[in-house]
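The values are calculated or read from the model by the stated rules, or taken from the named source; none is laboratory data. Quick caveat: nothing in here was measured; it's all calculated off a predicted structure. Note that each Cβ is placed from the backbone with ideal geometry, even for glycine, and that neighbours are counted across all protein chains shown.
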Amino acid sequence: MIMGSNMAECHPVAFRWPLKAKTDHGAVLMHVDPRFTRTTAMCDIHAPIRAGTDIVFLGAIINHVINSKRWNTDSFFKEYVVNYTNAAMLISPDFKDTEDLNGVFSGLSEDGKAYSNASWSYQRNPAPKPAVAEAKTFTDLLLQRVPGRPKTDPTLKNPQTVYQIIRRHYKRYTPEMVEKICGCPKEKFLTVADTLLNNSGRDKTSNITYAVGWTQHTVGVQIIRTAGMLQALLGNIGRPGGGVLALRGHATIQGSTDIATLYHSLPGYLNMPDARKNHDTFKDFILTESVPLSTSYWGNYPKFAVSYFKAQFGDAATKENDYGYDYHPKITGDHSHLPMFVDMMSGKIKGFFVMGQNPAVGGQNARFQRKALAKLDWMVVRDFFETETAAFWRNSPEVKEGEVKPSDIKTEVFFLPAAMVAEMEGSFTNTQRLLQQHEKAADPPDDARSDIWFTYSLGKQLKKLYGNSPKDHDWAIRNLYWSYDPEPSEVASFRIKDEPSAYKVLKEINGYTWEDKKPLSSFVNLKEDGSTVCGAWIYTGVIPEEGKNNAARRQGDNWISPNWGFAWPANRHIMYNRASADPSGKPWSEKKKLVYWDAAADSGTKDAKGKPLIGKWVAPSGEGIDFQPTKAPNFRGKDNGIGFDWLSGNDAFIMRADGKAWLFAPSGLVDGPMPTHYEPYESPVTNLLYKQQSNPVAKTWNVPGNPYHKVADPDYPIVVSTYRLTEHHLTGVMTRWLPWLAELMPELFCEISPELAEEKSIKNAEYMTIETARGKIQARALVTRRMRPFTINGKTIHEIGLPWHWGWQGRAQSDVVNNLSVLVADPNVTIHEGKVFTCNVRAGKRGGAA
Amino acid sequence: MAKGMFVDVSICTGCKACQVACKEWNGLEGEPSHFHKVPNVPYPIAFNFTGNSYDNTGSLSATDWRHVRFIEQFNENRSEARWLFSSDSCKHCNDAGCLNACPVKAIVRTDMGNVVVQQDVCIGCKYCIPSCPYGVISFSEKTGTVHKCTLCNDRIHNGLGTACAKACPTGSISFGEVSELKAKADARLVQLKALGHAEANIYGYTEAGGLNVFYLFMDKPSAYGQPEHPVVPQRRLFRSAAITVFTAVAVAVAALISFRERGAKKNEGVKP
Amino acid sequence: MSPETQAPHWEWYYIAMYFYIGGISAGAYFIGSLVELLGNVKQREISRIAYYIAFPLICITPILLIADLGQPVRFWHLFFYTKDGIPYINHQSPLSVGTWALLLYSGMSFLSFLRVLGADGRLKSPAVKNLLNLFNRIPHKVYAMIGSFFGFFTAGYTGVLLNTTARPLWEATDPLIGSLFIVSAASTGAAAIALAMSRQNIASGETFVQLEIFDRVAMIVELLLIIVMVIIAGQYAGPILRGWFGLMFWGGTVAVGILVPLWLNWSARRPGSAVNNPVMLSAVLILFGGALLRISLVQAGQM
């Protein structure tokens, strides 16, 4: 099931695999989406839903599945769910569900802006006696703080079990409700639900694939959670052909979150030191971050953290100075894109580096963002064409229409030429966590340079300028370990001789022992005593020995292809693949065999007495085993242990503090332990399930220039969604300057149903105007039956669609679609709600002419 | 050994990678009629939006040697909903209208069966253009000659396949020996029919003497803008030549009768 | 019928005009040569005028054809294949065969032109006179026969050329355009001769009347061919039935170029008519109609 994604158009190369599954193996492809796209054209089933109603649809599938005959009689499902999910855990009696509180959970603050998750927690057994009396290391500290195991009812009958709570929570998510709220015919919904149900089990698995059609909502994270829950209930996680596949957006964007270009992360998904949390000292940081997770593989957090800081500061990082923790930057709030631009607009941001980004077109409420750029003192734009962001000060629509004068813009703009993808060397990490080495084919021309060259050179210049400054806040830059000059052999065939060594960077990310600089082959060898360096623990193993880069391997087979590139962690392609075997360690079926327990095999290790340990997990396909290799299926974890010691032989989900897949999320998300249908922040209809209209804790910015529409605003009755085409990439910097691509999709167009077009006298291929409280744009009308009106609770709701690739520069020019959108975001990750808001349309150009 | 391409439209996603790869390999520019100059902008701007589904290319031209078609088949209540895609190009016919029409032997067939235009021979008479039943070969104002897909003549004669087949992400376009491609197409047709696609058909086994670039369509050829039973124009030449000769003879005879020696015969009733 | 074909973008002032001028030249020539081969001394005037008209007209045609080429300087490729220098003809291509025919017809019409110049004592240059004497070793009737044959070819092949394409209008009117062009060439050729004769005030006499009868028959046959052609074209006749080209075709060629001259001639011949036979007017109208025939058919097929 492809939902929240237009895979064929946005991931055309990856899409060959679903098609192959269809043509060679009879797989059924289903597309759940408001529009009929090029993906839908290749699928067997299309279930149309109104934008923003995904949780209703998915929740209804959950409801349908857990009440179905098949799920309740085929023993596979209960066996998987009881053993591998937290279905049997008991939740605090203080917990109140959305069914009890008109659409919110217990724990909502007085002002309704934030949740406390205390009432969402597990009921626990008493905490065990600590395994150590005196704490000598960070690990010891964790061992002193192990919580009691959660209480469970494996029969699932106790009303406080996660399972019963879920039943109650989704009870009203029926096929009738789907038809009423999503506008999707009942029969279509049931076809999708039954197809998933009947194609899950011992012998078959189903996959759910998504992308930004799910993430870019004020309930984005919760939508994805629903899919995770559904797949866990269907027993599809950790199994071949199953799982939830997140299609990442650009080349190496998976790598961009792994190595943390995000403000709130350290590489390897550690959290950034945060002045708002209890992170004052390094010990505080370790305890705050690790204690809640110590009973999972994250129990090794101290080793990951120390190795990271050692990588940053090298010799200057010592046990005495807490590995430089005190000098490391700390965040003080939400510094992601949207609030950063709000701060920029109020003059708080002085300077801005824009690399491979074009917020003048790609930013929500683009007029707001362009005006914010004018408040900077300076901005550095690195790109290969003069993007709209680089040119905003001289020819943005605001300047052309006289709203803003260039002489009033004090921003000093530096535009530097950047190298293109074929002119750069390094590893790519794509959607499936796969690292692949990417080779440099040619030098960039003249002064154009790669991002790595720029960043490295900038760092070197700064270090020089900071000289011997004694100030504390200069310590970090001065002591930054910054040594990536290339070996002569690496730059021999190129003109640019000071291009930094991508290999050295990757080796540092991989990790090595500080003393002898030998690469580490596994993260199990990381230490918390400062003897190991590791930029991102999840990547350890990509360079297992000096000179060997597993990302460069290119031996494929027709299945797992373990010798093609390197999948993190530890070349495991299917995460949590312990779940591909049943609780006793046998494969669920011969057909779906992946990882299983071989009780007779020599594990290759010996016990304390020197006797060889017998029994290990095996994967004949060469797949990495996502479990402790020698832990028997019937092993009972130590109540007072941490990490692998605490986890039992059935705790397949080794990164979760309880070793189980979470159907109910007692912590980690700020807007609720279970996904709940909330209407998009701007919607033409009220929430038909609850009194609570939209996500109560969604991030909003009530600042001038960012006006929101009312619910069911009569001035803006039409739903609009923004999305992408195959022919262009994001804001078009990589495509709109190329004649071959510009002529494929030359102009902005609006996809509109014939019903709405007729109502508004809009003619195909002629201009139409789309308007919100934020801005007004014109587009060509593309009148097509691939768009359809939805009947929501008896009322006709129209939807239009806008691909947002165009700006006013380049060879294909049109109005900026994001002039229409608004700053509003998911509260967990501050991702913007770009997939659904409201607008109005009329025939004719922006200025009134046809 | 004839080389060609098999286009399986059932796995075409309409991505247009074939169009771009072709332009890239052959160094073709953006189609000139798609761009115009705009004041204060240093390069021509594209303005060729057609409103015809996702197809802004429109047709093959001297710089568009591949053209992806988009065919929306939706009834009013969307109970029948289908969007067909097909990547069109020169078919490299075994009986090629363009080759037959060329008066200077600029259009020739290579040892691999593909039909190419020798750019140094073509005089730009443009007679090949209306002679192609598929509307493929096109004239370039810039070069004064005609252009079309060459089946990547340089690539295939150096051990490589066509650029479009290489770029196609789903394998919809495949390059190889025509006999092997036919076996692949036949198998695929069987597979599709078994799945209930009764309208699926192969186009190009018999048309125009057999097409070296042939298709597996999911609907009638006319749905894809292709002629159902194309007649290569030169197959009609004998008949029209014969009738024209007959007419010439008749005119000659009429002239003879009109202008024969009348001798003593007077023309009655004719005033000067 | 092919739903998608492309138009060759031949300019009317090059290609359609070539069809027209070539038609007049060839038509005049084959009338003139047939009369010379089979007629009497009194009819020699027609031949003489025909030979005077034919060659100058055909001289214009290569300019028109070459100007329409995308690579004009390469026109000689029509005769020699560039890769081996050997003379080349493509029997499947009416354009190739027709080009050779045009060459040979031009040659013959040149010789005939020289001959009438010589006979009228208009040749001054001794070199040219010697050349003429050289050619005169072979009886002119031989040249006339050859020229007549290639003249018919030149008049008709252009129609076959149009029919041997996949353009709907031209494919649907197959196999008749060649015949139509030959008959039209006969008519316009005769009209050109008649016009020349009337300008020299010799448009009378038995010979002239024979010419007129020939032209009338040609026009009636032309009209019949047009009607049959449009019928067999069926649904594809659209471009020639509507718009400017429809007007040119029916208003120009049929009405003004055929029906009006026929009517003028008929009303002049009616017993009791006081009107003089408007020879010049009729000839001009016929010539006008012939031009529009070519232009409308060639351009409508490219719509």
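Any residue in the range C:108-131 that is farther than 26 Å from C:PHE30 by Cβ sitting within a Cβ distance under 8 Å of a residue that is among the small types (Gly, Ala, Ser)? List the pairs, counting only those 6 or more apart or interchain.
C:LYS129/C:GLY118
So A:ASP607 clears everything in (1) crowded, with 17+ Cβ neighbours inside 10 Å; (2) more than 30 Å from A:LYS504 (Cβ to Cβ) except one condition, right? Which one?
All conditions pass for A:ASP607, except number (1).
Can you find a residue in the range A:70-81 that is surrounded by 24 or more Cβ atoms within 10 Å (Cβ to Cβ) and aliphatic (A, V, I, L, M)? Can you show your working first?
Of all residues in the range A:70-81, those surrounded by 24 or more Cβ atoms within 10 Å (Cβ to Cβ) come to A:80-81.
Among the residues that remain, those that are also aliphatic (A, V, I, L, M) are: A:81.
Yes; the residues of the range A:70-81 include at least one that is surrounded by 24 or more Cβ atoms within 10 Å (Cβ to Cβ) and aliphatic (A, V, I, L, M).
How many of the residues making up the range A:77-105 are outside any loop (DSSP other than H, G, I, E, B) and of a type in the set (Lys, Arg)?
Total meeting the criteria: 1.
Would you mind stating whether C:PHE79 is at pLDDT 95 or above, surrounded by 20 or more Cβ atoms within 10 Å (Cβ to Cβ) and either of a type in the set (A, V, I, L, M, F, W, C) or over 17 Å from C:ALA26 (Cα atoms) (or both)? Talk me through it step by step, then tell me what you get.
Numbers: at pLDDT 95 or above: yes; surrounded by 20 or more Cβ atoms within 10 Å (Cβ to Cβ): no; either of a type in the set (A, V, I, L, M, F, W, C) or over 17 Å from C:ALA26 (Cα atoms) (or both): yes.
Judged against the criteria, C:PHE79 is not a match.
Residues of the range B:71-87 being more than 9 Å from every other protein chain (Cβ to nearest Cβ) and in contact with a Gly (Cβ under 9 Å, 6 or more places away or on another chain), which ones?
Correct list: B:ILE71, B:SER86, B:SER87.
Is there a residue in the range C:230-253 that is closer than 22 Å to C:GLY189 by Cβ, modelled with pLDDT under 95 and within 18 Å of the chain's Cα centre (by Cα)?
no
Does C:ILE86 qualify as being surrounded by fewer than 18 Cβ atoms within 10 Å (Cβ to Cβ), aliphatic (A, V, I, L, M) and touching a strand residue (DSSP E or B) at 6+ places or on another chain (Cβ under 9 Å)?
Taking the combined requirement at face value, the residue satisfies it.
Sort through C:ARG270, C:ARG216, C:ARG242 and tell me the only one that's among the basic types (Lys, Arg), surrounded by fewer than 14 Cβ atoms within 10 Å (Cβ to Cβ) and within 12 Å of another protein chain (Cβ to nearest Cβ).
None of the others qualify; the one that does is C:ARG270.
Filtering the range C:150-161 down to residues that are farther than 24 Å from C:ILE213 by Cβ and either at the interface with another protein chain (Cβ under 7 Å from one of its Cβ atoms) or not β-branched (Val, Ile, Thr) (or both), which residue is surrounded by the most Cβ atoms within 10 Å (Cβ to Cβ)?
Once the filter is applied, the top-ranked residue is C:GLY159.
Pick out, from the range A:333-400, the helices (runs of 4 or more DSSP H) lying fully within it that include 1 or more residues that are touching a strand residue (DSSP E or B) at 6+ places or on another chain (Cβ under 8 Å).
On the way: elements: A:337-345, A:359-362, A:366-373, A:388-395, A:397-400.
Answer list for the range A:333-400: A:337-345, A:359-362, A:366-373, A:388-395.
Select from the range A:436-453 the residues that are over 13 Å from A:TYR503 (Cα atoms) and surrounded by 14 or more Cβ atoms within 10 Å (Cβ to Cβ) and write down the one among them that is nearest to the chain's Cα centre (by Cα). Don't jump to the end; show me each part of the working.
Of all residues in the range A:436-453, those over 13 Å from A:TYR503 (Cα atoms) come to A:441-451, A:453.
Subset that is surrounded by 14 or more Cβ atoms within 10 Å (Cβ to Cβ): A:443-444, A:448-451, A:453.
On the way: A:ASP443: 33, A:PRO444: 32, A:ALA448: 31, A:ARG449: 29, A:SER450: 26, A:ASP451: 23, A:TRP453: 28 Å.
My answer is A:ASP451.
Looking only at the range C:31-54, count how many residues are within 14 Å of C:LEU111 (Cβ to Cβ) and either buried (at least 22 other Cβ atoms within 10 Å of the Cβ) or touching a His at 6+ places or on another chain (Cβ under 9 Å) (or both).
7
Condition first: in contact with a Leu (Cβ under 9 Å, 6 or more places away or on another chain), under 24 Å from A:ARG149 (Cα atoms) and not hydroxyl-bearing (Ser, Thr, Tyr). Now tell me which residues in the range A:259-302 satisfy that.
Residues satisfying the conditions are A:ILE286, A:LEU287, A:GLU289, A:VAL291, A:GLY299, A:ASN300, A:PRO302.
Taking only pairs six or more apart or across chains, which ones have beta-carbon atoms under 7 Å, a first residue in the range A:256-273 that is more than 16 Å from A:TRP298 (Cβ to Cβ), and a second residue that is among the charged types (D, E, K, R)?
A:PRO273/A:LYS330
So for the range A:294-314 (the condition being more than 24 Å from the chain's Cα centre (by Cα), in contact (Cβ under 8 Å) with a residue 12 or more places away in the chain and surrounded by fewer than 18 Cβ atoms within 10 Å (Cβ to Cβ)), does at least one residue qualify?
There is at least one residue in the range A:294-314 that is more than 24 Å from the chain's Cα centre (by Cα), in contact (Cβ under 8 Å) with a residue 12 or more places away in the chain and surrounded by fewer than 18 Cβ atoms within 10 Å (Cβ to Cβ).
Let me confirm something: among A:THR174, A:THR139, A:THR215, A:THR152, which residue is within 19 Å of A:VAL65 (Cα to Cα) and of a type in the set (Ser, Thr, Tyr)?
A:THR174
How many of the residues in the range A:552-608 are touching a residue at least 60 places away in the same chain (Cβ under 8 Å), closer than 22 Å to A:GLY228 by Cα and not in a loop (DSSP other than H, G, I, E, B)?
The number of residues fulfilling the criteria is 5.
Of all the helices (runs of 4 or more DSSP H) wholly in the range A:248-330, which have at least 2 residues that are modelled with pLDDT under 95? Before you say what the answer is, go through the steps one by one.
Working: elements: A:253-258, A:282-290, A:301-313.
Fully inside the range A:248-330 and qualifying: A:253-258.
B:PHE214 - would you say it is of a type in the set (Phe, Trp, Tyr), at negative phi, under 33 Å from the mean Cα position of the chain (by Cα) and more than 7 Å from every other protein chain (Cβ to nearest Cβ)?
yes
Residues checked against (1) without any contact (Cβ under 8 Å) to a residue 12 or more places away in the chain; (2) among the charged types (D, E, K, R); (3) more than 17 Å from C:ILE53 (Cβ to Cβ):
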residue: C:SER204; (1), (2), (3): yes, no, yes
residue: C:PHE214; (1), (2), (3): no, no, no
residue: C:ILE232; (1), (2), (3): no, no, yes
residue: C:TYR236; (1), (2), (3): no, no, yes
residue: C:GLY252; (1), (2), (3): no, no, yes
residue: C:GLY257; (1), (2), (3): no, no, yes
residue: C:SER267; (1), (2), (3): yes, no, yes
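Criterion first (surrounded by fewer than 14 Cβ atoms within 10 Å (Cβ to Cβ) and within 14 Å of another protein chain (Cβ to nearest Cβ)) does C:SER204 satisfy it?
Taking the combined requirement at face value, the residue does not satisfy it.
Consider the range B:109-134. How many of its residues are among the hydroxyl-bearing types (Ser, Thr, Tyr) and more than 12 Å from chain C (Cβ to nearest Cβ)?
Number of matching residues: 1.
Of all residues in the range B:180-229, which are touching a residue at least 24 places away in the same chain (Cβ under 8 Å) and of a type in the set (Ser, Thr, Tyr)?
Filtering the range B:180-229 down to residues touching a residue at least 24 places away in the same chain (Cβ under 8 Å) leaves B:181-182, B:184-185, B:188-189, B:192, B:197, B:200, B:204, B:207-219, B:223-227.
Within the range B:180-229, B:TYR215, B:TYR224 qualify.
Here is a check on your reading of the model: is A:LYS204 more than 24 Å from A:ARG239 (Cα to Cα) and surrounded by fewer than 21 Cβ atoms within 10 Å (Cβ to Cβ)?
no
Taking the conditions exactly as written (surrounded by fewer than 24 Cβ atoms within 10 Å (Cβ to Cβ) and touching a helix residue (DSSP H, G or I) at 6+ places or on another chain (Cβ under 7 Å)), does C:ALA190 satisfy them or not?
no
Only one of (1) surrounded by fewer than 15 Cβ atoms within 10 Å (Cβ to Cβ); (2) within 14 Å of chain B (Cβ to nearest Cβ) is not met by C:THR164, so which one is it?
(1)
Specify which of the listed residues (A:ASP639, A:ASP626) is surrounded by fewer than 20 Cβ atoms within 10 Å (Cβ to Cβ), of a type in the set (Asp, Glu), in contact (Cβ under 8 Å) with a residue 24 or more places away in the chain and in a loop (DSSP other than H, G, I, E, B).
Result of the check over A:ASP639, A:ASP626: A:ASP639.
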